[in-house]
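Asker: Just passing along the structure, written as C-alpha cells.
The values are calculated or read from the model by the stated rules, or taken from the named source; none is laboratory data. Owing to the predicted nature of the structure, the values given are computational and were not obtained by experimental measurement. Cβ: placed from backbone, ideal geometry, glycine included. Neighbour counts: every protein chain shown. To get the accessible areas, we keep the full protein, side chains included, count just its heavy atoms, and leave off ligands, DNA and RNA. Shrake-Rupley method; radii C 1.70, N 1.55, O 1.52, S 1.80 Å.
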Amino acid sequence: MIELKGIKKQYKLKSSPLKYRDYYALDNISTIFRDNIISGITGSSGSGKTTLANIISGYDRDYSGEILYDGSREKDQNFIRYVFQDPYISMNPVKTVEWHISTAAEINHVKIEKASEKLEMAGMDYSAFRSRYVNSLSGGELQKLALAISLIPDPNFIVLDEAFSMMDSINLFAILTFLKELKKTVSLIYIDHDINRVSFVSDYIYIMNCGKIIEENYTEKIMEDPEDEYTGELIKYSPDYRKRI
Amino acid sequence: MLQVAGLYSGYYHNREYTEILRNINMHVDENEIVGILGPNGSGKSTLIKSIIGDIYASRGDVLYNGKSIYSKNNYHEYRNSLIYVKQDSFNSLKPLKTVNFQIGKLYNWKSFDKQYVESIFMELNLKPEILNMKATQLSDGMRHRVVIAMALLKNPELLVLDEPTTGLDSISTHHFLSILKGIKKHSSVLISSNDVNALFEICDRVYILYGGQIIEDGKYSAILESRFQPYTEMLFRYIPLYSNRNIEYISVNNNKYNGCVFINNCPFHDQVCESEITYETINDHGFRCIRYPGWKNDRA
Ligand code: SF4
C-alpha cells in the first residue's frame, strides 16, 4: 500500500517583470493506492499525473508532504518500478533484447529463465525476439519489453505512465487484459489521459485536474454515477464508435 | 477529386526495394471526411506519403482532378491545393512565441487580412485574444485547433491529417472532431489513424488497411452494421472501452504466412485462404476475404 499525505509541489512563475506567483503542480494530495488492484489515474495533460508518478516512484524528491510505503517512509529499492511513456529512456538501442533481459536479470540476481518468462508473459516470444536489436523493434514491442524488464525484480508496485502509447487498439486490449491477470501478483498504478482505457482496466479511478485529485472512487461508481462535473464531461465526451458526432 | 488507382509503393534500402503497399484503390470526393484505419506497420504512413507525393509509386497512380500528381506540372498545383498536417506538427508551435507571430512566420503575414484570420479562428471556436497568446499558454486541445486554423488560412481543398487526436483527453478530442465535421463544408478531409472510435464518430467512409492492402472499405454505417472481413471484426470486438471490460481476449497465432494478409491471426482461416485473395464489393462495401460470408457462421 502507498499512502500520500499532503503532497505539494510548487513552482514560482514569473507573472510580471518583478512579480512571481506560486503555481501548484500538485496541490495537497492525500490518498491511498491499495494492493493487488489496478489503480487508474486520468486527466488531461498538465493536470499533474506525471508529476505525481515521478514523486511516488521516487524520481522526484522535491516536494513537501509525506509518502508511506507499506507504512514506512523508507522503501526497498525494488518496492516500486516506473515504466515511462518513452521506452527509449531506459534502453540501449544498439543492444539486443537478450542483452537487456540478461542485464536486468544479473542486476536483480534473478535467473535468466525467470527473467525471460516475464517477456513471454507480456506477450513476446523470447526465442523469436532474443537476438533482435532494440532499434529494430516497433514502438509497441519496445513498450512490452519495458514492461517485462520492470517485472524482473518482482516489485510490489508498478507505475505505468502512458506506457502503452505506441500500441494499436487490439494490442492494447491484449496487454491491458494481461495487466488484469498481473494484479494478482503486483499492484499497479495505471496512468492514461484516455478515460476509455482507464475505465476498461482499472478497479479504482482517480480523476486529476489542475494538480488536484478532484474525484476518486471504484470504477463502477465513477463511470455510472460521477460526482464531479468535470468527471461527467470526460465520460460524456469519451470517444465511442457507436456515438456519431 | 482525389483518386488512388492500383497503387504499389515501397522503400529502397541499400538499393533493395521493399514493397509495402499492394494494389491500393481509393478515392476522396468533395466535402467528404475519409478515414484510413490500420494498425502500426500496416502501411498507413507509406500510403499518406504516396498520396501527398513524397514518394513515388512503383506501379499505379494518384490522380487529382483526373491529373497525375506525379507529373511535375501537376504536382506543384496539387501541393498548393492540399495541406498535410503531420502528427508532430501539432506540437510544432514555438512555445514562447505568440500565435500571431507564428502565423506571420509560416505564411507572409501581410498576405492575410486580419479579419479573415479572425473569422477562421472564430469558426474553430478560438477567440481572437488567442492570437496574442503564447503557445505555452494554450491547452492541448486549443493548440490542436490553432494548428488546424493555421492550415485552413490557405483555404485548402484537401486537408490530410495524420493521427490528429493522439494525446488529447476526451473533451478536447470531442471538440476537435466536431470542428473537423464543420470543416468539410469547404474542404475535404483525409484522416489516418488507428483510433476506431474517433474515425467512426466523424468519417463518411473508412478504408481499413492491413499488411499493405485495403482489406475492407465502405460507408461508415455499412461497416458498423456488418463486417465482411475478420480483422475488422476483431478490431471492433477488442476496443478498450468501459462497456467491453468483461470481454475475454483470445489470441490467435496460426504460424501461416501465405495467401491472405491476415491468415496468421485469423480465427477462421482455412486451406482456401492460402491463395491470393481478390477484392470484391457488395453494394460499394469492399472486402478481401475468400471465406465471406461463410466465416460469419463459424463463430461459436
Ligand atoms: S481469407 Fe481466410 S484467413 Fe483471410 S480473413 Fe478471410 S477467413 Fe481469414
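Asker: Which value in deg cm²/dmol, rounded to the nearest 500, describes the helix-derived mean residue ellipticity at 222 nm for chain A, given -39,500 (n - 2.57) per DSSP H run of n ≥ 4 and division by the residue count?
Answerer: -9500 deg cm²/dmol
Asker: Turning to a different aspect of this structure: Given the rule -39500 (n - 2.57) for each run of at least 4 DSSP H residues, summed and divided by the residues of chain B, what is its mean residue ellipticity at 222 nm, to the nearest 500 deg cm²/dmol?
Answerer: Taken over chain B, the calculation gives -8000 deg cm²/dmol.
Asker: If the limit is 20 Å between Cα atoms, which of A:Lys8/A:Lys212; A:Lys9/A:Lys212; B:Lys114/B:Lys184; B:Lys49/B:Lys72; A:Lys5/A:Lys236 go over it?
Answerer: The pairs that break the limit, which is 20 Å between Cα atoms, are B:Lys114/B:Lys184; A:Lys5/A:Lys236.
Asker: Now a separate question. Under a straight-distance cross-link criterion of Cα-Cα below 15 Å, which aspartates and glutamates are reachable from A:Lys184, leaving out those fewer than 8 residues away in the same chain?
Answerer: List returned: A:Asp35, A:Asp154, A:Asp203.
Asker: If I fit a long axis through the Cα atoms of helix A:112-121 and take the longest principal axis of the Cα atoms of chain A, what angle between them do I get, 0 to 90°, rounded to 10?
Answerer: That works out to roughly 60 degrees.
Asker: Tell me, what is the FRET efficiency for A:His109 and B:Asp284 to the nearest 0.05, using R0 = 56 angstrom and their Cβ-Cβ distance as r?
Answerer: According to the calculation, E is roughly 0.35.
Asker: Can you tell me which aspartates and glutamates have their Cα less than 18 Å from the Cα of A:Lys95? Leave out same-chain residues fewer than eight positions away.
Answerer: A:Lys95 reaches A:Asp86, A:Glu106, A:Asp125, A:Glu141.
Asker: Taking H placed 1.01 Å from N in the peptide plane, check which residues at least 5 places from B:Val160 or on another chain put their amide H under 5 Å from its amide H.
Answerer: Sorted by chain and number, the residues that satisfy this are B:Ile83, B:Tyr84, B:Val85, B:Leu190.
Asker: Now for a separate question. For a quick check of your reading of the filter: which chymotrypsin sites (Phe, Trp or Tyr not before Pro) in the range B:57-88 sit in a DSSP loop and have no more than 16 other Cβ atoms within 10 Å?
Answerer: Listed in order of number, the matching sites are B:Tyr70.
Asker: Okay, next question. Select from the range B:236-267 those chymotrypsin sites (Phe, Trp or Tyr not before Pro) which occupy a DSSP coil region and have at most 12 other Cβ atoms within 10 Å, ordered by residue number.
Answerer: B:Tyr257
Asker: Taking 7 Å along the Cα-to-C-beta vector as the label spot, tell me the A:Glu181-B:Asp29 distance in nanometres, rounded to one decimal.
Answerer: The answer from the label model is 4.7 nm.
Asker: In the protein assembly as shown, what percent of the accessible surface is made up of carbon and sulfur (1.4 Å probe, ligands and nucleic acids excluded)?
Answerer: Carbon plus sulfur share of accessible area: 47 percent.
Asker: If I model a spin label as a point 7 Å beyond the Cα along the Cα-Cβ vector, how far apart are those points for A:Lys236 and B:Phe236 in nm?
Answerer: 2.8 nm
Asker: Right, something else. Test of understanding: extend the Cα→C-beta vector of A:Ile67 to 7 Å, then name every residue of the range A:204-245 with backbone N under 12 Å from that spot.
Answerer: Taking a point 7 Å out along Cα→Cβ of A:Ile67, no residue of the range A:204-245 has its backbone N under 12 Å.
Asker: Mind listing the phi-derived Karplus ³J(HN,Hα) values for the range B:129-146, rounded to whole Hz, using 6.51, -1.76 and 1.60 with θ = phi - 60°, and x for any glycine or proline?
Answerer: So the Karplus estimates, Gly and Pro as x, are 4, 4, 4, 9, 9, 7, 4, 5, 7, 8, 6, 4, x, 5, 4, 4, 5, 4 Hz.
Asker: With a 1.4 Å probe on protein heavy atoms only, work out how much accessible surface A and B bury together, total over both chains, in Å² to the nearest 100.
Answerer: Buried surface at the A/B interface: approximately 3300 Å².
Asker: Could you name the lysines in cross-link range of B:Lys185, using Cα to Cα under 20 Å and dropping any fewer than eight places away on the same chain?
Answerer: B:Lys154, B:Lys219
Asker: Three principal axis extents, largest first, for the C-alpha atoms of chain A, in Å?
Answerer: 55, 46, 40
Asker: If you don't mind, another one. Report, to one decimal in Å, the Kirkwood hydrodynamic radius for the range B:94-153 based on all distinct Cα pairs.
Answerer: Taking the inverse mean of 1/r over all distinct Cα pairs, the range B:94-153 comes out at 11.3 Å.
Asker: List the residues, sorted by chain then number, that are 5 or more residues from A:Asn28 or on another chain and whose placed amide H is less than 5 Å from its amide H.
Answerer: Counting only residues 5 or more places away or on other chains, the set is A:Lys8, A:Lys9.
Asker: Sticking with this structure for a sec: Just to verify a number: FRET efficiency for B:His186 and A:Glu3, C-beta to C-beta distance, R0 = 56 Å, to 0.05?
Answerer: 0.50
Asker: At a threshold of 8 angstrom on Cα-Cα distance, excluding pairs fewer than six apart, so keeping six or more, what relative contact order does the range B:44-103 reach in percent?
Answerer: So the answer I get is 18 percent.
Asker: Something else: Could you let me know the centre-to-centre spacing of the range A:54-98 and the range B:169-246, using Cα atoms, in angstrom?
Answerer: 36 Å
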